[in-house]
Structures are given as C-alpha cells and as structure tokens.
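Student: One structure coming up, written as structure tokens, with questions to follow.
The values are calculated or read from the model by the stated rules, or taken from the named source; none is laboratory data. For clarity, every value in this text was computed on a predicted model and none was experimentally measured. All Cβ positions, even for glycine, are placed from backbone atoms using ideal geometry, and neighbour counts span all protein chains on display. In case anyone asks, the SASA skips ligands and DNA or RNA and just uses the protein heavy atoms, side chains included. Shrake-Rupley method; radii C 1.70, N 1.55, O 1.52, S 1.80 Å.
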Amino acid sequence: MPKYTFSCATCGEYDVWKSMSSNLQEDKCPTCEAMTHRVFKSFRMNQMDPKLYKRINSGMTPKVVKREHLPKSNVKQLNRNPNPMSWTV
Ligand SMILES: [Zn+2]
C-alpha cells in the first residue's frame, strides 16, 4: 500500500497508508476527526531547503472555487440563449 500525506487545518500534516481503491483525496484527521485534504509531495522534496520547500508546497495547494463565489452575472450569461441561432448582435 502506498503512503499518502494529508493536511489538517488544526493539527497539521500526517501520513497514512492507504490502498489505491480508497478515497485518496480526503481523509479524517486521526487527532480531531476533521476532514483533511491530501498534500501532494514530489520526490526528494524533503532534501530541499525548508523555506523553498514550504513555498513550493503552498503554491501547489489547489484553490477551491465554489459556484457561490463566482460573480452572478457570469453564470447568468453562460445559461442565457443556449441556442446560437437566437443570439442578437
Ligand atoms: Zn486535526
């Protein structure tokens, strides 16, 4: 089984052995039982300068954008007139 690193907002990072078939994107923190997200680590990252490592690691964290965070006018425009023949220029 491969080893995966997850990050808890309260307790920090921890490693778990998981099978490939289990949920690899989310996990439960063993300390506070909060939902945690997987941290992606590259090979030999732990041999790097800790400051540089931290910068790269934080830059690799994907940002979650939810529908309600998008400007409402954009969503409306995309749904309006799905048929191109009805567009007025
Ligand atoms: Zn935790």
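Student: What does the extension gain come out to for residue 24 and residue 40, with contour length at 0.36 nm per residue minus their alpha carbon separation?
Tutor: Result for the pair: 4.7 nm of gain on full extension.
Student: Can you tell me how much longer the chain between residue 56 and residue 7 gets when fully stretched, taken as 0.36 nm per residue apart minus their C-alpha distance, in nm with one decimal?
Tutor: So the chain would gain 16.1 nm between residue 56 and residue 7.
Student: Which value, in Å² rounded to 10, gives the accessible area of residue 16 with a 1.4 Å probe and all protein chains present?
Tutor: 30 Å²
Student: How far apart, in nm, are the 7 Å Cα→Cβ label points at residue 17 and residue 68?
Tutor: Distance between label points: 4.1 nm.
Student: Are any of the pairs 18/41; 3/51; 3/41 more than 20 Å apart by Cα-Cα distance, and if so, which?
Tutor: 3/51
Student: Excluding residue 24 itself, calculate the net charge of residues whose Cβ lies under 12 Å from the Cβ of residue 24, where each Lys or Arg counts +1 and each Asp or Glu counts -1.
Tutor: Local net charge: +1.
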